[in-house]
1. Quick one: label points 7 angstrom along Cα→Cβ at B:Lys73, distances to the other copies in nm, smallest first?
2. Multiply the residue separation of A:Met1 and A:Ser13 by 0.36 nm, subtract the distance between their alpha-carbon atoms, and state the gained length in nm to one decimal.
3. Set Lys and Arg Cβ to +1 and Asp and Glu Cβ to -1, take the dipole of the range A:2-90 about its Cα centre, and tell me which of A:Cys60, A:Leu18, A:Tyr30 lies farthest positive.
4. Run through the other copies and list how far each one's label point is from that of B:Glu15, in nm with one decimal, shortest first; the point sits 7 Å from Cα along Cα-Cβ.
5. Would you calculate the separation in nanometres between label points at A:Thr66 and C:Thr24, each defined as 7 Å from the Cα along the Cα-to-beta-carbon direction?
6. Rounded to whole angstrom, how close does the nearest chain A beta-carbon get to the axis mapping A onto C, and which residue is it?
7. Relative to the other copies, what are the label-point distances for C:Gly26, with labels 7 Å from Cα along the C-beta vector, expressed in nm at one decimal and sorted shortest first?
8. Which whole-number percent is the relative contact order of the range A:2-90 (Cα, under 8 Å, 6+ apart)?
Amino acid sequence: MQRTLLTIITEASLERRLIADIKTHGAHGYTITEAQGEGSRGVRQPGFEKAGNIRIEIVCEASVATQIALWLKEHYYRDYAMILFSHEVEVLRPDKF
Amino acid sequence: MQRTLLTIITEASLERRLIADIKTHGAHGYTITEAQGEGSRGVRQPGFEKAGNIRIEIVCEASVATQIALWLKEHYYRDYAMILFSHEVEVLRPDKF
Amino acid sequence: MQRTLLTIITEASLERRLIADIKTHGAHGYTITEAQGEGSRGVRQPGFEKAGNIRIEIVCEASVATQIALWLKEHYYRDYAMILFSHEVEVLRPDKF
């Protein structure tokens, strides 16, 4: 079964809010790993930053990934360091998704 | 060189058993990261759960990924929270696989 | 926007050197997660090893991924445990890459 794996890498302080957002948009699960890194930030703190980040993975239908991405764009892109990328995966336990 | 990246996200308590299973089925290596998350569980504990999970990645031939997936389905799906997904990757260090 | 996600799994002791290498070759960011695992090593320490590893992810243009891979091959493959693989991702925040 083809599904979309959406990966969000962002600031650890957003964890609770993002989990709520993800559930609201219909994702049935998520996985969070702690991460560190550098990248460009939102407009309020331009330049590079190195700090505690989180890496959130969501396996979901493509339409759910799109909705989550649009929501994040509207609510977080301006003020937070956030990377989003997605690709197709073959889910091998289809009865659970 | 094309290979399959198989990702297993499951309960941390299974780590030792899964490592043994993976080796038995012909994988030459694996990577484990600690994770947290929520998702649907096995039939004995339905509903959502949030606890220490592990994320296991295995780069292997497609046939090995299939054999591992079948084994996990037979031995763990019923009783454990376990997500499996896979996709193709280009392995850039072919002499090591 | 299509980009390449390059994943490097290697020994934690290389973290600082690799971050410098990555930036030199034009990557705009990276994400590091701590990992454990087993796999084949460089020629000086053949066989399996289980120790603290890092997992570095870089979202970049395909040409940057190729350059980084070539550099790592030349400078680290011989002496360090290092796995490299890549695949295409759809980057959902294009203005940041």
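1. With the label placed 7 Å along Cα→Cβ, B:Lys73 yields 3.7, 3.7 nm.
2. That pair, A:Met1 and A:Ser13, stretches by 1.0 nm at full extension.
3. A:Leu18
4. Here B:Glu15 shows inter-copy label distances of 1.8, 1.8 nm.
5. Between A:Thr66 and C:Thr24, the label points sit 4.4 nm apart.
6. Here the nearest residue and distance are A:Thr33, 3.
7. 3.9, 3.9
8. On the way: 157 pairs, mean separation 43.0, N = 89.
Rounded, it is 48 percent for the range A:2-90.
Throughout, read-outs are computed from the coordinates displayed, never taken from laboratory work. What you see is a predicted model; the values in this text were computed from it and never measured. Methodologically, a virtual Cβ is constructed for each residue, glycine included, from the backbone with ideal geometry; neighbour enumeration extends over all protein chains shown.
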